[in-house]
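What follows is one structure encoded as C-alpha cells, with my remarks underneath.
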Amino acid sequence: MKAIVTLTLNPSVDGAAEAEVVRPIYKIRTSDERYDPGGGGINVARVVQELGGPTLAIYLAGGATGGVLDDLLDAAAIPRRRVPIQDHTRISHAVYERSSGQEYRFVPTGPLVGESEWRVFLESLEDLDCDYIVASGSLPRGVPDDFYVAVADLARRKGAKLVLDPSGSALRAGLARGLHLVKPSLGELETLIDRKLSDQASQEQAARELIRSGGPNWSR
C-alpha cells in the first residue's frame with residue numbers, strides 16, 4: 001500500500017496545560033503541560049500512523065520552533081519531509097480551566113512565507129508516488145488562496161485523489177478543480193452556499209448541491 005501523503009502549510013507546536021482558574025492580569029499557574037506536533041495535515045498523518053497505515057507528512061517549518069516540531073514528529077515516528085522557511089513555526093496553546101470545565105485556545109496566525117518558499121514546497125511534490133494526498137489546515141500569510149488549485153492539478157497528473165480540508169477562500173478556490181473529497185465544517189458550508197443551515201436535512205441538501213456543482217462552475 002502506498003503512503004497517504006499529507007500537506008501542512010501552516011503547522012504548529014501544540015502546547016496544552018491545565019489551570020484551576022483563568023483570569024486577566026494575574027499569572028496563571030499551569031500543570032500537566034504537554035506538547036504535540038500539530039496542524040491539519042500533520043494531525044491526519046498522526047491518525048493514519050495510529051491506525052497502522054503508511055503515511056508521509058510534508059510541511060513547511062522554520063526558526064527555532066521548526067526544530068521543535070521536527071523533534072516531536074521524530075518522537076512520534078511519523079515519516080516526514082520538511083520544506084524549510086525563514087520565519088518561525090507557530091506555537092499554539094490550549095488551557096483547560098478545571099473550575100469551569102472550559103477550554104481556552106490561543107492560535108497564532110502563523111509565519112510569513114515567501115513566494116520562493118511556497119514554490120519550493122510545490123516542487124517537492126513532483127516526485128510523489130501515492131494514491132491519496134490530504135491537504136488540511138490553514139494557509140499561512142504569503143501563500144496565495146489558489147495554492148490548492150496547483151496541488152489539484154499536480155494530483156490529477158499523477159493519478160492521485162485529493163482530499164481537501166482548508167478554510168475560507170482557500171477552500172472556495174480549491175473547489176474550482178474538482179476533488180475526491182472535501183470536508184467543510186458547518187460554518188464553512190454555510191459560507192460556500194451563502195445561507196444558514198439550521199437542521200440536518202438542509203445540511204444534507206447543501207452538501208448534495210455542492211457535489212452536483214462539480215466545482216468548475218461554482219459561483220456564490
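The values are calculated or read from the model by the stated rules, or taken from the named source; none is laboratory data. Note that the structure is a prediction, hence the values are computed from the model and not measured. Here Cβ is always computed from backbone atoms with ideal geometry, including for glycine, and neighbour counts include all displayed protein chains.
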statement: With the first residue restricted to region 154-173 and required to be among the aliphatic types (A, V, I, L, M), and the second required to be modelled with pLDDT under 70, Cβ contacts under 7 Å at 6 or more apart or on different chains are 164/174
field: helices (runs of 4 or more DSSP H) completely within region 112-200 that count 3 or more residues being more than 30 Å from residue 1 (Cβ to Cβ)
entry: 115-123, 168-174, 186-193
- line: Checked 122, 181 against criteria (modelled with pLDDT under 90 and either touching a strand residue (DSSP E or B) at 6+ places or on another chain (Cβ under 6 Å) or under 24 Å from residue 88 (Cβ atoms) (or both)); the one match is 181
